[in-house]
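Enquirer: For reference, the structure I am asking about is given below.
Computed from the coordinates by the stated procedures, all read-outs in this text should not be read as laboratory data. Please read these numbers as outputs of a predicted model, since none were measured by experiment. Ideal geometry is used to build each Cβ from the backbone, glycine not excepted, and the neighbour counts take in all protein chains shown.
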Amino acid sequence: MPYTVIPTKLPEVLILEPKVFGDARGFFFESFNARDFTQCTGLNVEFVQDNHSKSAKGVLRGLHYQVQHAQGKLVRVSHGEVFDVAVDLRRSSPTFGQWDGVMLSADNKRQLWIPPGFAHGFLVTSDSAEFLYKTTDYWHPQYERSLLWSDANIGIDWPTTLPPLLAEKDASATGLAQAEVYA
């Protein structure tokens, strides 16, 4: 198998470890192959947009989602390390309001699949990080929402003791009790 698929406590959120070929020259791996992704996960998704961000240590981006045109995301880190988080926002789900997080880094080459219906965010834990993600729908700013990263009703255990660096939209985000969520 081209990927090892590791379940998380949120059944639809998956950690993917690609098969990495390395020698004295360095390494090679396929970061994405649609046929292999479908074979390993059982998911047949179409990615329509690739995004790339760079952030400094302590930056927290998220928790983002779109209330219409919900996006599935396949995310990975090409430089540095982040703590990546998904929160289930599907009211009909048995895991509604629950979260899981995983360390993604250039070293471990892990990827995380976050399906539509989840909020997503990450905290940079290295000096800087470059973050890559594929999405199943386009960005629609009028439908974008931010879920409060520090909402006690969710209780994310972020690996930091310092206040994160936030964009204004993330600093003033909505808590779960007031958030627009999915059916």
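Enquirer: Using the per-residue mean of other Cβ atoms lying within 10 Å as a proxy for protection, in what order, highest first, do the peptides 131-141, 160-170, 85-95 fall? Kindly include the intermediate steps, with their values, before the conclusion.
Expert: On the way: 131-141: 16.5, 160-170: 12.9, 85-95: 19.4.
Final packing ranking: 85-95, 131-141, 160-170.
Enquirer: Got a sec to turn the phi values of the range 21-37 into Karplus ³J(HN,Hα) couplings, 6.51 cos²θ - 1.76 cosθ + 1.60 with θ = phi - 60°, whole Hz, x for Gly and Pro?
Expert: 9, x, 7, 4, 7, x, 8, 8, 7, 7, 6, 7, 8, 4, 4, 5, 4
Enquirer: Distance in nm between label sites at Phe28 and His140, each 7 Å beyond Cα in the beta-carbon direction?
Expert: Each label point lies 7 Å from its Cα, and together they span 4.1 nm.
Enquirer: In vacuum, with every alpha carbon of the range 6-67 counted as one equal point scatterer, what does the Debye formula give for log10 I(q)/I(0) at q = 0.14, 0.22, 0.25 Å⁻¹? Two decimals, please.
Expert: Here log10 of I(q) over I(0) equals -0.70, -1.23, -1.20.
Enquirer: Rounded, prolate or oblate for the range 51-153? Axes are the square roots of the Cα gyration tensor eigenvalues, ordered a ≥ b ≥ c, and the cut-off for rounded is a/c under 1.5. Intermediate results must be reported in sequence, preceding the final value.
Expert: Working: a/c = 1.71, a/b = 1.47, b/c = 1.17.
Prolate shape, in that a/c is at least 1.5 and a/b is the bigger ratio.
Enquirer: For the pair Glu168 and Thr38, what calculated FRET efficiency results from E = 1/(1 + (r/R0)^6), where r is the Cβ-Cβ distance and R0 = 41 Å, to the nearest 0.05?
Expert: Details: r = 39 Å, r/R0 = 0.95.
FRET efficiency, Thr38 to Glu168: 0.60.
Enquirer: Additional query: Can you give me the distance in nm between label points at Ser53 and Gln68, each placed 7 Å from the Cα along the Cα-to-Cβ direction?
Expert: 2.4
Enquirer: Moving to a separate point now. Principal axis extents for the chain, Cα atoms only, whole Å, descending order, please.
Expert: Result, largest extent first: 51, 36, 28 Å.
Enquirer: Related question: Using Cα-Cα distances under 8 Å and only pairs 6 or more residues apart, what relative contact order does the range 46-171 have, in percent? Mind dumping the intermediate values first?
Expert: On the way: 299 pairs, mean separation 52.9, N = 126.
Taking the mean separation of contacting Cα pairs over the length of the range 46-171, I get 42 percent.
Enquirer: Restricting to DSSP H runs of at least four residues, report the calculated mean residue ellipticity at 222 nm for the chain, -39500 (n - 2.57) per run over all residues, nearest 500 deg cm²/dmol.
Expert: One gets -1500 deg cm²/dmol as the mean residue ellipticity at 222 nm.
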